[in-house]
Amino acid sequence: MILKCNFCFSDFEEKNKKRLFCSKECYGLSRRGSKRPEVGLKISNALKGKTHTSKRIEKIKKANTVVISEDKKQKIITLWNFGLTDSTILKEVCVGSKPFLRFKNEFYYENGFDKKNYLKFVTISYSEILKIIDLGRKKMSYKRIARTLGISMKTTRKVLKFYQEFLKEDIFHSYDEKSFCFFKQTKIEKIIEDFLQENNIKFESEFVVGNTSGSEYSSYRFDFKIIDKKIFIEVNGDYWHSNPEIYQDDSKLSDAQIKNKNRDILKLEKAKSMNYDVFYVWENDLKTKKEETLKLLLEKINDNN
């Protein structure tokens, strides 16, 4: 059966009498703009060879004639050299996307600028990058910088790594003397911290001691140091620190357990060389005999001079 398309008015063969369109394209074009008359108007203009309305053509011509000032061009080039992404530069310089892309293409063509020099996928502002670099020069670790400025550690690390090569300066540091204070506190450490605060005992958490003995560890971190007392408190998990009441056979320990156990021995030797006592609080003791363990801890602190 020969039917006529309701959109392009061409003849087509079809068995179904109810079919109104010769193809999916014609159906789509007919449906487009049915709910919005202005879209239907654009379709009709397109069929007549008019791609844009006269008002739209004027806007396009005006956009193509916008020229970026020399000051803004110099700022864009500076930010490019500093490795910022295009989206960040647009926010910093406040220029339109079309003039910016036009200038970018011209600059690439004339200067052969290498896109690989960009600091990719970093969307922080120029001022935040300068702050990161400034703190990196002050020997702060990237973790501390991230916490201080409220920026993700991944972004901070990427910025410092990039500018360490770009500026030829030593600004990337994995750790510093205070970076350990950002280690995640465990639940059992929180119990001991609350207990010390309830009893008005002054303490420092995540206390770091430098090591010059020549071992593989440059420093040791103790969970708590009691102020005005020569005592450290170590709050140990049963598995990771191999509670001797549970793990009596060393041959069955994992590599991580052996490593932690050896480090704990070195930490104890370091504390003794400083004339400090170490009180160990085990996870199992806090679960099975919490009151007794906390009472012993309080007596140990009070007896220590």
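What follows draws every value from the coordinates through simple rules; no lab data is involved. These figures come from a predicted structure and were not determined experimentally. We place every Cβ from the backbone using ideal geometry, glycine too, and count neighbours over all the protein chains shown.
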Check your understanding: Between the range 69-110 and the range 268-303, what is the C-alpha centre distance in whole Å?
Key -> 61 Å
Check your understanding: Can you list residues whose amide H is under 5 Å from residue 279's amide H, if they're 5+ apart or on another chain and H is modeled 1.01 Å from N?
Key -> 232, 233, 234
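Could you tell me which of rounded, prolate or oblate describes the range 233-285, using a ≥ b ≥ c as the square roots of the eigenvalues of the alpha-carbon gyration tensor, with rounded for a/c under 1.5 and, failing that, prolate when a/b is larger than b/c and oblate otherwise?
On the way: a/c = 2.57, a/b = 1.51, b/c = 1.70.
Because a/c hits 1.5 or more and a/b fails to exceed b/c, the range 233-285 counts as oblate.
FRET efficiency for residue 174 and residue 247, Cβ-Cβ distance as r, R0 = 41 Å, nearest 0.05?
On the way: r = 31 Å, r/R0 = 0.75.
It comes out at approximately 0.85.
Given a Förster radius of 22 Å and the C-beta distance between residue 106 and residue 86 as r, what FRET efficiency does 1/(1 + (r/R0)^6) yield to the nearest 0.05?
Details: r = 15 Å, r/R0 = 0.66.
Working from the Cβ atoms, E equals 0.90.
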Point to revise | Stretch gain in nm, segment residue 202-residue 272, where the contour uses 0.36 nm per residue and the Cα spacing is subtracted | key: 23.1 nm
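With r defined as the distance between the Cβ atoms of residue 187 and residue 292 and R0 fixed at 30 Å, what FRET efficiency is calculated, to the nearest 0.05? Mind showing how you got there, number by number?
On the way: r = 19 Å, r/R0 = 0.63.
So the FRET efficiency works out to roughly 0.95.
Please compute the length gained on full extension between residue 4 and residue 254, using 0.36 nm multiplied by the number of residues separating them and subtracting their Cα-Cα distance.
Details: separation 250, 0.36 × 250 = 90.00 nm, distance 7.87 nm.
Result: 82.1 nm gained on full extension.
Rounded to the nearest 20 debye, what is the charge dipole size of the range 183-303 about its Cα centre when +1 sits on each Lys and Arg Cβ and -1 on each Asp and Glu Cβ?
Working: 20 positive and 24 negative charges, 51 e Å.
Roughly 240 debye for the range 183-303.
Based on other C-beta atoms within 10 Å, arrange 86, 170, 255, 264 from fewest to most. Can you show the working numbers first?
Details: 86 14, 170 10, 255 7, 264 17.
Taking fewest neighbouring Cβ atoms as first place, the list is 255, 170, 86, 264.
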